[in-house]
Structures are given as structure tokens and as C-alpha cells.
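The values are calculated or read from the model by the stated rules, or taken from the named source; none is laboratory data. These numbers were taken from a predicted model, which means no experiment stands behind them. In this analysis, Cβ positions are derived from the backbone assuming ideal geometry, glycine residues included, and neighbour counts consider all displayed protein chains.
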Amino acid sequence: MQPITRRKFSQIISAAGLAGTALLETMYAEMQDAGGISLESVRSFLALSGTKVQDDQIVSVQASLERALDSMKRIRDRTVPQNREPAVIFRVRR
């Protein structure tokens with residue numbers, strides 16, 4: 001199985017457009033309910049974006065989508081006070 005690159009994943013996500021955003025929300029809900037994204041949802045997303053991916057890469061796309069949705073969930077779960085000023089410098093801490 002050939003892994004999908006980050007560049008290809010970004011192209012798939014950006015090609016989906018507005019309808020893809022709605023589908024991402026649906027997949028986000030599916031991930032919360034079932035703990036993962038079904039292959040049917042991934043295929044629908046790829047068909048909507050007009051992207052052709054080999055069958056052996058669909059599992060790789062599924063894993064990438066699950067990681068992206070998990071990252072979105074962590075960002076949404078953060079609480080930032082309204083009176084917090086924006087950062088002047090952004091540093092990535094690992």
C-alpha cells in the first residue's frame with residue numbers, strides 16, 4: 001500500500017469546498033458516535049471532491065481524516081477567555 005502524502009491530503013481537503021465542510025461536520029459527528037470514520041464516508045468525501053484515490057490508499061486517507069478531526073476537536077475543546085490578548089509571537093512547543 002502506497003501512503004498518501006500531506007500535499008495530496010491537502011489537495012483533497014481543499015477541493016471539497018463548502019459541501020466538504022458539511023461532510024466534515026458529519027464525519028466529526030460520526031467519529032464522536034462510533035469512534036471512527038466509516039469507509040463509506042471517506043468514499044463519499046472523495047467523490048464529492050472529485051478526487052480519485054486508489055483503493056489501497058483509502059485506509060490512509062481515512063486515518064488522515066481521523067487525525068485531522070481529532071486535532072479539530074482538541075482545538076474546539078480549548079477555552080480561551082474573551083479578555084485574553086492575541087499573542088505577539090507564536091512559538092511551537094513540542
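Count of segment 10-26 residues, restricted to those that are within 15 Å of residue 66 (Cβ to Cβ) and either at pLDDT 75 or above or loosely packed, with under 13 Cβ neighbours inside 10 Å (or both), is 2. Looking across segment 31-42, the residues that are in a helix (DSSP H, G or I) and either in contact with a strand residue (DSSP E or B) (Cβ under 7 Å, 6 or more places away or on another chain) or closer than 18 Å to residue 21 by Cβ (or both) come down to 31, 32, 41, 42. Within segment 45-77, the set of residues being in a helix (DSSP H, G or I), modelled with pLDDT under 80 and among the polar types (S, T, N, Q) comprises 49 only. Beta carbons closer than 9 Å, at least 6 apart along the sequence or on distinct chains, pair a first residue in segment 30-57 that is in contact (Cβ under 8 Å) with a residue 12 or more places away in the chain and loosely packed, with under 13 Cβ neighbours inside 10 Å with a second that is in a helix (DSSP H, G or I) and of a type in the set (Gly, Ala, Ser) for 50/15; 50/16. Considering only residues in segment 64-93 that are within 14 Å of residue 24 (Cα to Cα) and among the hydrophobic types (A, V, I, L, M, F, W, C), the one that is farthest from the chain's Cα centre (by Cα) turns out to be 72.
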